[in-house]
Structure formats: structure tokens, C-alpha cells
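> First, the structure itself, so that you have it in front of you.
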Number of protein chains: 2
Amino acid sequence: MALIVQKYGGTSVGSPERIQNVARRVAKYHQQGHRVVVVVSAMSGETNRLVALTQALSESPDPRETDVVLATGEQVTIGLLSIALQELGVPARSYTGWQVPIRTDSAFTKARILSIEPERMLADLAEGKVVVVAGFQGVDPAGNITTLGRGGSDTTAVALAAALQADECQIYTDVDGVYTTDPRIVPEARRLERITFEEMLEMASLGSKVLQIRSVEFAGKYKVKLRVLSSFEEEGEGTLITVEEETNMEQPIISGIAFQRDEAKVTLLGVPDKPGVAYQILGPVADANIDVDMIVQNVGHDGATDFSFTVAKNDLKRVLEILERVKNDLGARQVIGDKSVCKVSLVGVGMRSHPGVAAKMFRTLAEEGINIQMISTSEIKISVVIDEKYLELAVRALHKAFGLDRPEADV
Amino acid sequence: MALIVQKYGGTSVGSPERIQNVARRVAKYHQQGHRVVVVVSAMSGETNRLVALTQALSESPDPRETDVVLATGEQVTIGLLSIALQELGVPARSYTGWQVPIRTDSAFTKARILSIEPERMLADLAEGKVVVVAGFQGVDPAGNITTLGRGGSDTTAVALAAALQADECQIYTDVDGVYTTDPRIVPEARRLERITFEEMLEMASLGSKVLQIRSVEFAGKYKVKLRVLSSFEEEGEGTLITVEEETNMEQPIISGIAFQRDEAKVTLLGVPDKPGVAYQILGPVADANIDVDMIVQNVGHDGATDFSFTVAKNDLKRVLEILERVKNDLGARQVIGDKSVCKVSLVGVGMRSHPGVAAKMFRTLAEEGINIQMISTSEIKISVVIDEKYLELAVRALHKAFGLDRPEADV
């Protein structure tokens, strides 16, 4: 019999009826003899309601007090789920972050977990109780309430699984697993049975918002077996996220195709080709707290080069303002911004040992008449920036070309 | 400069705008140099919403988990009020019950305060901060969240005032003080500048729902100066509730007229006049957890007597069922229930040294043609049960007869 940590998000606990559904699922595992720790988010809409209250009082509400307000969302859910479990005859006990305790640093609204004391939970589990823990929250060394930031409940679940040395950490969400790509674009998209942490990180950061990225990093670091499942389906194995060694030998070279619509391309033309230029360009952008995604610099000629990078679409205006100043300091020729782009990426640990993946990707896009504007590669990912009107076409063509619609995919 | 504890109820903090009003009032005291501790309730409607959620999941939700859910209401308000204070430039810091800590017993949903550690609050006050504390909640010896029951925020405020040795505990509510009687019945009803704890207890228990009765007992026991004020009026002294020695020497004999519509009269006729009868009658009633208010037994004759008492109107049916069984055991003649009654009481510490108050009360009622069905007296109160159709008439006549509409009242 296993020790399982289950996490249910806001949609899964969005009403008393849904909380009863969660309770029935937890009860099933409990009755099978498993020891179960459940982590829950605030009921859907609740965190937004609380944020709106703080913002009605201040444009920049104090982070400590914001956390005091926000932490109540999960506290309500743990009490309600415990009541629902007891109603099914399952002994259950709720814990807030400070009651566990889940110790964090004092970075209010984005705290990091420092340590978790599992003793009280283990004692309850030994007595046959289900333990229900509030996600997203903790307590700092001075006894202040902290929150981990949006999506922090995933991190709580993984951290608890690590502290309890759980056999598996199950993340219940509104999708039934991780897909080869977005099924709304490619109807043939297939649920992956397994994916590695590294692949999941690349998929997550590219817009497959199934799991909070910090929780995946955390799971990888502490070797927690992570499984993504649907809370709305009775059966289903979901997708298991594991370290690479545990994945199937028969695994495909490409696991999935991720994409990001929210990209804008910025290009500086005629940048002097000398040391320190990249920092002169990106330093002021970073100072303005703007995240830069892809960065591409071509080899120069005639002492000048072109420098391109991508940012989120709604950061473009500010970036262009910053770069107009930088352009003059640098003596660059021109700054160009383009919002009508998107990014498409192939992700797969298999490509490390398979040359030719990039070539096949570029050929596929060429056959569809899609021009590639930027290319960037990492060990397990190849990304291209293309005109956003070709996004669906590109994803569908690549999904087919790499055989992702077939269980036994190959190059 | 004084140390003041202020308590604001749910209506006073029912919206962001109202919370801003409270913040402005607190800021005024803070700017005058006072050290201020603020106790707040949940925003109006919030506790009912949370109770409804627990009851959607269980007919009798677990008390421990109910408290986990309910305690969030006040936690939201302390964060919001602290943010509103900071927005006005007033340094403020919120505390939940467990953060103070306010230690209670483990009687979930109706816990009693055992002790309060004032050190952290005093340190904040010494630094010039306003301290904002969640009412209604505490933490038990095992670290569980507890609540004090409805209206418990008043008790929190008084207990904090006692622990901090505050100069005054101000209870802000939607009325501007304690009145000689309900102004909706007697337009000439006058706000009392002062009232003793004993009088307040008699008034409160009779339906003047200005203050929670436990908080008044607590204030009397620890000699906390308690003041009831309106949170909706800018000025106003409210009503000060003090120990008797501090009240004005010129005080009136009668302080106010309380009444209770929610009374039903139960009479057993022909009860054998022997020891143990009262217990035989009221024991089963108490076992059924039904509160009995007035109890009257007349002298017997011919070995039998009549026994009457009052209960809340909606307990009458159950009481009559219980007494039908008791009647047969006792050999009493008949059980009669009457819902069409009410209770009217004169309250005043002055009556201790002034005979003739009761006679004047009875004469006043007789002159209005009102029949008295039951009479009960205590040291500072005379209560009568009358037909409920005469309630307004009786209150108005007594208010005039005892000169309560005039500042310098006398018999």
C-alpha cells in the first residue's frame, strides 16, 4: 500500500458538489488501503475575489497583509474537504501551512519553501486519517503567513511528497494528462504515458500550462514521481513525469510540440560587432523587469551585425522605447518590432542521440511554404519563430511528420 | 495618551469603502498619539456564506473543521484593514488569533479564552504601529484553530483590553449607544451616558442586542471600561459601561426598560406541593437542552400548587411534549402553553435603595388596563409577563411614568 500525495486545483474544488466528487475519489484510494495526503487550492474564483478586495484598498497592497488575505482561500477548502470526507465515513484532518508547518522564507506573495516537518502528518496517517493540507501557503521564521505565488499549490504538493517520501504525487487538473500538442489544434494529438522532467519543463515554459514550472523543477530535484490526471474522469492513467532513466526504452525521439502565441520579435539592425553589445542591449531591458525569451545574434560582416530577441507581446511597446535610446548610444542603424509572430518548438530527449531532427523540421515547414524567421536550439528542443498566421498549419504538419499521432513514433 | 482597544462589527467593515471609513477613524486616534489595537469581525454576510458552505456538505459538520472555515472571515478583514491603514500612512500590522496568540480551550465553535500573550502587540504599539487583531478566534493547546461562537469578537476586544490593561475598550456598532428602551417603540427613548455592568447584563439578556453578553461579564470581571459607540457617526460619546462606583451620584433609579417578545408561558396546574417537584419538572427540560427564563411558583393550598415558567416561543412545542409525560409521573392536573405573551422589565441599580418601584410599575400597568400574568424580581430588575398585544403600550407607559425621557429622571 502506497503513500500518495494528491493535489486538486481550484476548478476541481469549485463548488460543494465538486468537493464531494474529490472526497469520493480520495475515499476510494483510502479504502484501497493507501495512505493519502491531499493538497487543495482555493475554490475557483476565490483568489481573484480576494485580490480584488486588496486592490480596492490600495494600488500596491502590502505583501505581508496580502498574504494574510489570500491564504484564507485554501483554508476554506481544507475545512470543507475534511467535512466532505468525514461525511463519507473517512476520518480526515485539515492543516493550514503554519499548522503542518511548511516553513518558508519571508518573500511575501512569492515565498520559497525552506523545510517541511512531516511528523504530525505521519502520525495522522498512521492512525488511518486522510491528511488535508492547504496549498500555496506557509509560515516564515517570524510566524508570519506567507504564500508561494500563483500556482503554488503544485509546489506544495511536490514538496510534501518529497518530505513524506511519497510513492507518487498526483496532480489532478482539468486535462487528463500531457499531450503531444494542443488537441484544439491537432485533433490527433495523443496523451503521453510518460514524459521526462526536462521535456516537461520545456513544454510547460512554452505554454502547456498543465503544471506550474517550479513544481516540476522541484519534483526533478527531489526525484518525486509526478503524475498529471483529470479530476473529472473516473478512470485514466494520466501522464507520469519521471527522471529519464525510468522512461520506456521505446520512447519516441520527439515527445511533443509546444507553441507560444504571445511572442513579439525585436530586431536591431546594424549593431557594431564588438564585445559588450549584447549586454548594452539587454541590460536596460532587464532593468525594466521585462522577460526576454529567444535571443539570436548572427555572425557579423563589415563590422556590424543584426541582433534579435523575443518578448511578450504586451511588453513590445516599452521595449521599443528603451531600444530607441540604446540605438543612439550604440550607433545601431534601426530598431524593428513585429507583433505578428509566434514560436513553435519540438521537444524530446530523444533528439540528443538523433541527428537530423532539425533538418526534418525545417524541410517540413519549407514544404508548407512557411518561412522561418529565427531559430534557437537547446539539447532537447528546437524552436522557430514564424509568422503567427502559420501557427496551426506548422503544428499540424510537424505533428504528422514526426508521427506523434501514432503510439510508436519514430523519425 | 491612552491605550485604546476598538472593536468594529461586520456591518462596519462590510465593504472596502466602509473599511476605509474605519481606517480613517482609527488613524484619527493614532494621530492624536493614542496607542490603538483594533479588533474586527468578518465582513457582513461572510460568516453566513461560510456556514452555508459547511452545511452544504454535512448536516452536522465537524466542529474542528467548521472553525477552520469560519476563522477565515476575520482573517480577510484584518489584512484589508491593515492595507487601508497603510494607505493612509499609518503603520499597521495584522494578527490572527494564533499569531497573538489568543489561547483558548478546545471547545470548537464555542471556545473560551484561557490567556492572551500581549508581548508582541505591546512591542508593535511601542514602535508606533496600529495592531489589527482578528476577533472571534483563537488557538487551542494542540495548535488547532478555534472560534468563540457568534458575537465572539466583542469578547476578543474585552479580553485584549484586559490583557493589555487598556484605558478603554470601544465597541463600534450600528447604534450610537445604549438606550432607555427601543426607540422604535418609544420615540422619546434617550441614549444613556453611563450604565453599570449589572444593568447592561440585564438589558442585554432581555433583547437589547448591542453587546454580546459574555463580553459584558468579562468586562465586569476584569474591570475593563467599555464604551458602545456608532461607527457611522463622526462624533458622539456613546454609552460608557462601568462598575457601579464610577457612575454618577445623580443617576436615575431606573436606567432602562427592556423587553422580550420571544417568550412562551408554560403552566402546570395542580402540582403536588412537595420537595423535588421543581427539579422533576425542569430536569427533563434542561436535559432536552431548552433554556428556561422566568420561573414562578405560587404558595400551595390543599397540598397542590401551580408552577409556571417561560421558554423561547419555538421551544414551546417540545416543552409541552416533555411535560405531558412529566404530568402523569407527578400526578399534576393540567399542562397549559401560551405563545401570546411577552416580558417587560425595568432595570436599574437605583431600585436597590428605593422601595416602591415595583408598586409604581404595577400601578402604571393597571392604569392602562394591562393584566400581569407573572412577576419575577431580582435586585436590579423587575420583570412581568403580559399579553404580547400590550407590549408597546406597556413600554411607552413605563418609560413616561419613570421619567426616562427626561435627562434627570426620578421616581
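The values are calculated or read from the model by the stated rules, or taken from the named source; none is laboratory data. In this text, all values refer to a predicted model and were calculated from it rather than measured experimentally. Ideal geometry is used to build each Cβ from the backbone, glycine not excepted, and the neighbour counts take in all protein chains shown. For accessibility, only protein heavy atoms count, side chains too; no ligands or nucleic acids. Shrake-Rupley method; radii C 1.70, N 1.55, O 1.52, S 1.80 Å.
> Here are some residues: A:264, A:258, A:288. Which one is touching an Asp or Glu at 6+ places or on another chain (Cβ under 9 Å), open to solvent by less than 90 Å² (accessible area, probe 1.4 Å), modelled with pLDDT under 90 and among the small types (Gly, Ala, Ser)? Write out each step before concluding.
On the way: A:264 fails: modelled with pLDDT under 90; A:258 fails: modelled with pLDDT under 90.
Being touching an Asp or Glu at 6+ places or on another chain (Cβ under 9 Å), open to solvent by less than 90 Å² (accessible area, probe 1.4 Å), modelled with pLDDT under 90 and among the small types (Gly, Ala, Ser) holds for just one of A:264, A:258, A:288, which is A:288.
> Out of region B:137-195, which residues are under 14 Å from residue B:6 (Cα atoms) and part of a strand (DSSP E or B)?
The answer is B:168, B:169, B:170, B:171, B:172, B:173.
> Could you go through region B:121-131 and let me know if any residue there is more than 21 Å from residue B:228 (Cβ to Cβ), touching a residue at least 12 places away in the same chain (Cβ under 8 Å), open to solvent by 10 Å² or more (accessible area, probe 1.4 Å) and acidic (Asp, Glu).
Yes; the residues of region B:121-131 include at least one that is more than 21 Å from residue B:228 (Cβ to Cβ), touching a residue at least 12 places away in the same chain (Cβ under 8 Å), open to solvent by 10 Å² or more (accessible area, probe 1.4 Å) and acidic (Asp, Glu).
> Pick from B:33, B:45: which is away from every other protein chain (no Cβ under 12 Å), at positive phi and within 26 Å of the chain's Cα centre (by Cα)?
Working: B:33 fails: within 26 Å of the chain's Cα centre (by Cα).
Residue meeting the stated conditions: B:45.
> Does residue A:55 satisfy the criteria of being assigned to a helix (DSSP H, G or I), open to solvent by 20 Å² or more (accessible area, probe 1.4 Å) and closer than 25 Å to residue A:233 by Cβ?
Values: assigned to a helix (DSSP H, G or I): yes; open to solvent by 20 Å² or more (accessible area, probe 1.4 Å): yes; closer than 25 Å to residue A:233 by Cβ: no.
When the stated conditions are applied, residue A:55 does not pass them.
> Those residues that are surrounded by 24 or more Cβ atoms within 10 Å (Cβ to Cβ) and farther than 22 Å from residue B:70 by Cα, I need them from region B:139-171; list them, please.
B:161, B:169, B:170
> Which count do you get for residues in region B:155-188 that are in contact with a Lys or Arg (Cβ under 6 Å, 6 or more places away or on another chain) and either of a type outside the set (Phe, Trp, Tyr) or in the same structural domain as residue B:69 (by TED's automatic domain parsing) (or both)?
Residues in region B:155-188 being in contact with a Lys or Arg (Cβ under 6 Å, 6 or more places away or on another chain) and either of a type outside the set (Phe, Trp, Tyr) or in the same structural domain as residue B:69 (by TED's automatic domain parsing) (or both): 8 in total.
> Could I ask something else about it? From the list B:74, B:65, pick out the single residue that is buried (at least 24 other Cβ atoms within 10 Å of the Cβ), without any contact (Cβ under 8 Å) to a residue 24 or more places away in the chain and in the same structural domain as residue B:26 (by TED's automatic domain parsing). Step through it out loud before you land on a result.
Working: B:74 fails: without any contact (Cβ under 8 Å) to a residue 24 or more places away in the chain.
Sole residue among the options that is buried (at least 24 other Cβ atoms within 10 Å of the Cβ), without any contact (Cβ under 8 Å) to a residue 24 or more places away in the chain and in the same structural domain as residue B:26 (by TED's automatic domain parsing): B:65.
> Counting only residues that are more than 26 Å from residue B:266 (Cα to Cα) and in contact with a Cys (Cβ under 8 Å, 6 or more places away or on another chain), how many does region B:362-411 have?
Selection size over region B:362-411: 0.
> If you don't mind, there's one more thing I want to ask. List the pairs whose first member sits in region B:360-379 and is without any contact (Cβ under 8 Å) to a residue 40 or more places away in the chain and farther than 15 Å from residue B:399 by Cβ, whose second member is part of a helix (DSSP H, G or I) and open to solvent by less than 50 Å² (accessible area, probe 1.4 Å), and whose Cβ atoms are under 7 Å apart, counting only residues at least 6 apart or on separate chains?
B:372/B:365; B:377/B:358
> Taking the residues in region B:8-19 that are open to solvent by less than 30 Å² (accessible area, probe 1.4 Å) and away from chain A (no Cβ under 14 Å) as candidates, determine which candidate is nearest to the chain's Cα centre (by Cα).
So, considering only residues that are open to solvent by less than 30 Å² (accessible area, probe 1.4 Å) and away from chain A (no Cβ under 14 Å), the one nearest to the chain's Cα centre (by Cα) is B:9.
> For region A:113-137: of the residues being away from chain B (no Cβ under 13 Å) and among the small types (Gly, Ala, Ser), which is nearest to residue A:71 (Cα to Cα)?
Residue satisfying both the conditions and the ranking: A:135.
> Out of (1) on the phi < 0 side of the Ramachandran plot; (2) more than 13 Å from chain B (Cβ to nearest Cβ); (3) in contact (Cβ under 8 Å) with a residue 12 or more places away in the chain, the odd one out for residue A:151 is which?
Here residue A:151 meets the rest and fails (1).
Okay, residues lined up against (1) farther than 19 Å from residue A:4 by Cβ; (2) within 14 Å of chain B (Cβ to nearest Cβ); (3) of a type in the set (Phe, Trp, Tyr):
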position: A:21; (1), (2), (3): no, yes, no
position: A:39; (1), (2), (3): no, no, no
position: A:98; (1), (2), (3): yes, yes, yes
position: A:105; (1), (2), (3): yes, no, no
position: A:111; (1), (2), (3): yes, no, no
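> If you don't mind, another one. Does region B:91-99 include one or more residues that are touching a strand residue (DSSP E or B) at 6+ places or on another chain (Cβ under 9 Å), among the charged types (D, E, K, R) and touching a residue at least 40 places away in the same chain (Cβ under 8 Å)? Don't jump to the end; show me each part of the working.
Step one: of region B:91-99, the residues touching a strand residue (DSSP E or B) at 6+ places or on another chain (Cβ under 9 Å) are B:91-99.
Right, trim to among the charged types (D, E, K, R) and you get B:93.
Adding the requirement that they be touching a residue at least 40 places away in the same chain (Cβ under 8 Å) leaves none.
So far as region B:91-99 goes, no, none of its residues is touching a strand residue (DSSP E or B) at 6+ places or on another chain (Cβ under 9 Å), among the charged types (D, E, K, R) and touching a residue at least 40 places away in the same chain (Cβ under 8 Å).
> Further, regarding this structure: State the number of residues belonging to region A:73-96 that are of a type outside the set (S, T, N, Q) and either facing chain B (nearest Cβ under 7 Å) or closer than 22 Å to residue A:140 by Cβ (or both). Write out each step before concluding.
Taking region A:73-96 and keeping what is of a type outside the set (S, T, N, Q), we get A:73-74, A:76, A:78-81, A:83-85, A:87-93, A:95.
When the remaining residues are screened for being either facing chain B (nearest Cβ under 7 Å) or closer than 22 Å to residue A:140 by Cβ (or both), the result is A:73-74, A:76, A:78-80, A:83-84, A:87, A:95.
Going through region A:73-96 one residue at a time, the tally reaches 10.
> Among the candidates B:36, B:5, which residue alone is touching a residue at least 12 places away in the same chain (Cβ under 8 Å), open to solvent by less than 20 Å² (accessible area, probe 1.4 Å) and in contact with a Phe, Trp or Tyr (Cβ under 7 Å, 6 or more places away or on another chain)? Spell out the reasoning first.
Numbers: B:5 fails: in contact with a Phe, Trp or Tyr (Cβ under 7 Å, 6 or more places away or on another chain).
The unique qualifying residue is B:36.
> Every residue in region B:267-283 that is at negative phi, open to solvent by 10 Å² or more (accessible area, probe 1.4 Å) and outside any helix (DSSP H, G or I), please.
Matches in region B:267-283: B:267, B:269, B:272, B:273, B:274, B:275.
> For region A:58-72, how many residues are closer than 21 Å to residue A:141 by Cβ, acidic (Asp, Glu) and more than 7 Å from chain B (Cβ to nearest Cβ)?
1
> What strands (runs of 3 or more DSSP E) lie completely within region B:301-411 and have 3 or more residues being more than 26 Å from the chain's Cα centre (by Cα)? Walk me through how you get there before you give the answer.
Details: elements: B:304-311, B:334-347, B:374-378, B:381-387.
It comes to B:304-311, B:334-347.
> Here's another thing I want to ask about it. Out of B:334, B:297, I need the residue that is modelled with pLDDT of 90 or more, under 20 Å from residue B:374 (Cα atoms) and open to solvent by 60 Å² or more (accessible area, probe 1.4 Å). Which one?
Numbers: B:297 fails: modelled with pLDDT of 90 or more.
After ruling out the rest, the residue left standing is B:334.
> How many of the residues making up region B:1-28 are within 17 Å of residue B:121 (Cα to Cα) and part of a helix (DSSP H, G or I)?
Looking only at that region, the number is 1.
> Only one of (1) at positive phi; (2) surrounded by fewer than 24 Cβ atoms within 10 Å (Cβ to Cβ) fails for residue A:136. Which number is that?
Just one mismatch for residue A:136, condition (2).
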